[in-house]
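The values are calculated or read from the model by the stated rules, or taken from the named source; none is laboratory data. Computed from a prediction, not measured in an experiment: that's the story for all the values here. Backbone-built Cβ (ideal geometry, glycine too); neighbour counts: all protein chains shown.
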Amino acid sequence: MKIRLLSLILCLYSISSFSSNFYQIPVIIIDTTEAERNSIVQDSVETDVVNYWDEKNAVGLDFSEVAFINWSSGGNNSVSALIHGDFERNYKKELTNWRNSAIIRYGINAQEGREIRKTEDELVISSSFGSRRDSTSNWYYSAKMDFNTQFTNGYRYPDTENPISKFMAPGYLFLGVGAEFSHPNEDLTAYFSPITQKSTFVLDQRLANEGMFGVTPAVRDEDGNLIEKGEKVRTEFGMLLTSKFSKEIFENVNLRNRLSLYSDYLNKFGNIDVDWQVNVNLKVNDFIKANVGSQIRYDDDVKYKEDIDGDGELETTGPRIQFKQTLGIGVVYEF
């Protein structure tokens with residue numbers, strides 16, 4: 001009996017020791033939440049792609065209409081429309097800056113008892129590529145390209161038989177290298193190029209023969225017979241200064257200024273070609289906007305045409321200051 005009791009005590013002691021050792025086995029706890037979080041962060045870093053491109057698109061339609069029915073003061077019914085588009089594609093990364101823009105404007109006016117007339121016609125494409133020395137500098141070593149022309153024929157109304165301008169007659173192309181200042185906080189850029197090539201295209205032979213827009217005119221004999229055709233391209237080398245500025249001067253009132261000054265080294269240096277535009281955009285809501293603008297141009301190579309002696313023929317006179325004023329309200333869609 002004593003032996004059995006002793007055996008039972010030894011057995012119970014062995015089970016107790018085994019249980020104690022079993023529950024003292026270290027338990028490893030894995031924080032799956034933290035692991036999943038790290039995995040998500042890693043995946044996010046791998047899939048997050050930085051976009052260095054910035055784009056702006058805006059298309060609009062300005063419209064005005066006047067209609068009369070039994071109106072005692074008289075008047076002609078008329079409809080005017082202007083379609084315009086502004087597009088930008090800009091790339092900026094560290095020390096590199098590449099800006100591209102395109103401006104399209106075309107307007108017509110239809111008045112009772114009169115043919116449809118063009119009121120505005122413009123195509124402008126610009127591209128500027130620059131690189132700066134370090135990230136603190138606001139000056140860029142830049143190369144710049146500007147191109148502008150029109151879409152359809154232009155006339156000295158009411159004469160619609162003889163166009164005074166056409167597509168690529170004229171067309172202007174500026175290519176140059178220089179330095180550009182870009183303000184770090186304001187929407188302001190200023191570009192100066194001491195070496196700029198200006199090419200003037202007059203691809204209509206009749207206008208080229210007349211020497212329009214500064215190209216070399218045709219050579220004729222004493223009887224007016226054509227000996228040598230006029231040149232269609234004129235090339236100049238000079239200096240170019242351009243500036244662009246945009247700022248919200250009041251709430252929902254934005255001012256845009258664009259200035260271009262060019263002077264040829266070889267032909268009348270100091271005689272400056274001017275193209276200056278000032279526009280004030282007034283925002284009514286997200287879609288309806290009003291615009292008040294003006295543009296001044298002067299180019300010594302652009303001669304004015306008018307009927308001086310009243311014989312129905314347009315005579316070519318000297319250059320004149322060109323001025324345009326616009327006022328419109330319409331729908332603008334930005335995307």
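Do we find that ARG220 is in contact (Cβ under 8 Å) with a residue 12 or more places away in the chain and of a type in the set (Lys, Arg) in this structure?
For ARG220, the condition - in contact (Cβ under 8 Å) with a residue 12 or more places away in the chain and of a type in the set (Lys, Arg) - is not met.
Are there any pairs, at least 6 apart or on different chains, whose C-beta atoms fall under 7 Å, with the first in segment 134-146 and more than 23 Å from THR196 (Cβ to Cβ) and the second modelled with pLDDT under 95 and surrounded by fewer than 12 Cβ atoms within 10 Å (Cβ to Cβ), and if so, which?
SER135/GLU94
Taking segment 298-335 only, how many residues are in a loop (DSSP other than H, G, I, E, B), of a type in the set (D, E, K, R), out of contact with any Ser or Thr (no Cβ under 8 Å at 6 or more places or on another chain) and surrounded by 12 or more Cβ atoms within 10 Å (Cβ to Cβ)?
4
Mind checking which strands (runs of 3 or more DSSP E) fall wholly inside segment 176-260 and carry at least 3 residues that are surrounded by 16 or more Cβ atoms within 10 Å (Cβ to Cβ) and modelled with pLDDT of 95 or more?
Filter on segment 176-260 gives 187-201, 233-250.
May I ask you to verify whether GLY130 is under 24 Å from LYS247 (Cβ atoms) and either touching a Phe, Trp or Tyr at 6+ places or on another chain (Cβ under 6 Å) or among the aliphatic types (A, V, I, L, M) (or both)?
Here the answer is yes, as GLY130 does meet what is asked.
Hey, among the residues in segment 75-95 that are aliphatic (A, V, I, L, M) and not in a loop (DSSP other than H, G, I, E, B), which one's farthest from TYR140 (Cα to Cα)?
Only one residue tops the list, namely VAL79.
Within segment 288-297, is even one residue modelled with pLDDT of 90 or more and not in a strand (DSSP E or B)?
Taking every residue of segment 288-297 in turn, none turns out to be modelled with pLDDT of 90 or more and not in a strand (DSSP E or B).
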